[in-house]
Every structure is written in C-alpha cells, then in structure tokens.
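See below for the structure under consideration.
Nothing in this text is a laboratory measurement; each read-out follows from the coordinates by a stated rule. Note that the structure is predicted; figures quoted are calculated from it, not measured. So basically every Cβ, Gly included, is an ideal-geometry build from the backbone, and we count neighbours across all protein chains shown.
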Amino acid sequence: MGLHKQYLKVGQSAKNRLFGVKPWRKTPASSEGTSAIQMLISEQGKVNHGRMAVIVFGLFTLAMGIIMSSIPWLDYIILKNLRLMNGSLSYQYWQRPGVIRLTKVYIFNVTNVDGFLNQGEKPKLTEIGPFVYREDMEKINIKFHENGTVTFQHNKILQFVPELSVDKNCRVIVPNIPLLTLTTQSNSLPRLVQMTLSIMLRAMGLRPFVNVTAEELIFGYEDTLISLAHKFFPKHRRPLSRMGLLLGRNGTLNEVSTIYTGHTSMEEFGYLDKLNGLDHLPYWPDTPCNNIRASEGSFFPPRKYTHSDTVHMYDKDLCRIIPLHFHGLTSKNGIEAGIYTPPDDIFELPEKQPDNKCYCGHNAEMCPAKGLQNIAPCQF
C-alpha cells in the first residue's frame with residue numbers, strides 16, 4: 001500500500017511537469033474567506049455607484065426638462081427675430097420688402113365740359129383705366145437710436161406695366177385741381193380779396209378743366225398756379241414744381257419717419273415716435289386728429305401684448321390715423337391671422353362722430369359731406 005501511494009505521487013508529479021500544471025497548495029481557510037468577501041463587497045460597490053450615477057443623472061435631466069419646458073422658447077425666438085435691429089430677420093424684410101405691389105390708377109374723363117359749364121348739365125364721366133405701375137420699395141438713410149427707435153425715409157420707384165394697362169398717352173379732360181383748390185380756399189378771404197383774385201385768374205386764362213395725357217396727370221404737367229406757389233410759398237408749405245397725382249410718391253419721399261423697434265416694449269412695436277421731427281401732425285388743430293400714435297404700416301404690436309381689439313395705422317395720403325377693429329380670425333395658407341377693418345363712422349359728420357370735428361379745420365362749417373375728407377391741408 002505504501003509503495004502504491006509512492007507510485008501515484010511520482011506519477012502525479014510527472015503529469016504536472018508534462019502539462020505545465022503547478023502543484024496545488026492548500027490555502028488557509030481564513031485567507032480564502034477574506035478574499036471572497038472582499039471581492040463581493042468590491043463588485044457590489046461598483047453596482048451601487050453606477051445606480052447612484054444613473055439616478056442623479058435622471059433627476060438632473062428631469063429638473064432641466066421642467067425648467068426648459070416652463071420657458072416659452074418659441075415666443076422668445078420669434079420676438080428676438082421680430083425686434084427691429086441691424087442683421088435681424090425682420091430687418092431684411094422691412095428694409096426691402098420682397099413683395100410685388102401694383103398701384104392701379106383709374107381716371108374719370110369728363111365728356112360734356114361745355115354742357116356742364118354753359119348749359120347747367122350734370123357732368124358725364126367715363127372711367128378710363130387701369131394704368132398699372134409696379135412699386136419697388138425700400139427704406140434708406142436708416143439710423144438706429146439708443147432710445148429704442150429708428151429713423152428712415154421711404155424710397156419708391158413706380159414703373160409702368162404696359163401689358164396690364166391701357167395706353168398711358170391717351171388724352172383725358174379732368175378738373176383743374178390747383179384752380180379749384182385755390183377758389184375753394186378763397187371763400188374764407190375778404191370780399192375785396194376774392195374779387196381781385198377772380199380778376200387775376202381770368203387774366204391768366206385759367207379754365208376749370210384741363211386737357212392732358214394720362215401720363216401727365218399721374219406724373220406731372222406744367223401748371224401756372226403750382227409754379228407760382230413753388231416760388232413764393234414758405235418752405236414748409238411749398239408744393240412740388242409740377243402738378244401730378246403721384247408725382248410726390250415717386251423717388252425718395254421727403255417725409256422722415258421715426259418708429260419704435262420693439263427693444264423697449266412690444267406694446268409700441270412699429271408705432272410712430274416722430275414724423276418729420278414732430279410728435280404730432282401739423283395739418284390738424286386739435287386732438288385726436290393730430291395724434292401720431294399709430295403704426296407706420298410696416299409692423300403692428302402683437303395683440304398678445306396690447307390686449308386691445310383696435311390697432312391704429314397712419315395713412316400718408318389722408319394725413320391721418322386710421323383705426324382698425326378686430327373682427328375675428330382667418331387662415332391663409334395654413335397660417336392663422338386676424339381680420340381688421342375700419343369703423344363705419346370713420347368719415348361720419350361731426351354731429352354724429354365728434355372725433356371728426358377737428359378734420360374740418362378751424363371752420364366747422366367747411367366740413368365736407370359724409371364719406372368725404374378734405375386733404376388740402378397736407379396735399380396741396
């Protein structure tokens with residue numbers, strides 16, 4: 001038995017040397033137990049640290065999500081690009097609008113001048129048109145100010161569109177606007193001055209109607225009264241050198257506008273601050289007619305900020321503020337927009353709409369009929 005154990009021991013030793021197996025040595029029980037426990041604690045620590053990191057990251061992400069969702073980012077981005085400043089998205093479209101605007105002119109030709117002047121006939125009118133002009137617009141002489149406003153001028157170029165128009169060289173008979181304006185305003189002059197003026201006008205050979213081409217009526221023809229007024233009137237009231245319906249709207253306009261850019265308050269965004277350096281309209285004697293608190297026409301303050309169903313727009317041709325009332329929502333190409341219309345009493349008589357009294361000037365008896373407005377103070 002002892003010899004057999006010895007052979008087994010020698011054989012096991014040879015086998016270990018042959019296959020490169022190191023002999024097994026018995027490790028003390030205490031060392032083996034300590035090593036296993038340490039390994040278990042180490043692995044469990046790694047797992048706990050990983051779970052804790054995931055939990056912390058999740059809580060951080062949740063908190064950031066709540067904070068980010070509470071901020072109106074879409075409104076912030078829109079308002080940032082809406083506010084007017086050099087380089088903003090709104091500035092590009094404001095400075096040079098990318099839209100094609102067509103101005104259509106219709107002329108009423110008087111066909112019975114002799115019968116009207118000599119026989120008491122009512123005037124017979126024939127509509128001629130349209131005379132179509134493409135209007136290219138841009139804003140020039142732009143200057144931003146530290147108080148959140150910007151000053152600029154309009155530059156408009158009107159180009160005739162023959163394929164959409166009738167012959168611009170056709171002749172028309174129309175009222176002599178400068179003569180009629182002068183005779184109308186002379187009614188408030190003393191009687192002796194009226195008689196003297198009447199004699200002078202007859203001596204000059206002026207007639208109540210003129211025969212001109214459509215192009216001349218629109219963009220200017222020589223007129224004796226206009227030439228005299230251009231020479232002798234004060235600079236701030238001096239008319240252009242010729243008579244033309246759209247003569248003052250072609251080229252760089254004299255009017256200098258200053259509007260709010262939206263940096264100080266969106267409630268006044270696009271509203272006029274000054275017009276030709278004035279904070280009121282000099283054409284009308286009292287408020288609300290001489291008020292300029294209105295949009296210049298390029299931008300309107302968001303209804304969300306004004307909380308008002310009425311916006312106001314300055315109309316240069318009428319030289320006044322036009323109120324526009326909110327009448328509901330509509331959709332255009334999938335974009336929701338508001339509908340605004342002027343009130344029915346915008347050209348009402350002062351007896352029914354007292355706010356229109358100041359448009360009559362200093363003489364309330366000179367108010368035109370309902371539906372009309374006297375624009376002579378600012379146009380002629």
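For this structure, a couple of remarks:
- Nonlocal Lys pairs with alpha-carbon distance under 20 Å, the stretch 266-380 (8 or more apart, or different chains): 5
- For Leu89, net neighbour charge (Lys/Arg +1, Asp/Glu -1) across residues whose Cβ lies under 14 Å away: +3
- Sorted peptide list for 265-275, 200-210, 106-116, criterion being average Cβ within 10 angstrom, highest first: 265-275, 106-116, 200-210
- Evaluated at q = 0.12, 0.13, 0.18 Å⁻¹: base-10 log I(q)/I(0), Debye formula over Cα of the stretch 213-332: -0.60, -0.68, -1.03
- Each peptide in 355-362, 211-218 gets a packing score, the mean of other Cβ atoms within 10 Å over its residues, and the list from highest to lowest is 211-218, 355-362.
- Spacing of the two label points (7 Å from each Cα toward its C-beta) at Arg101 and Thr196, in nm: 4.4
- Ordering of 222-233, 251-262 by packing is 251-262, 222-233, highest average first (other Cβ atoms within 10 Å, averaged per residue).
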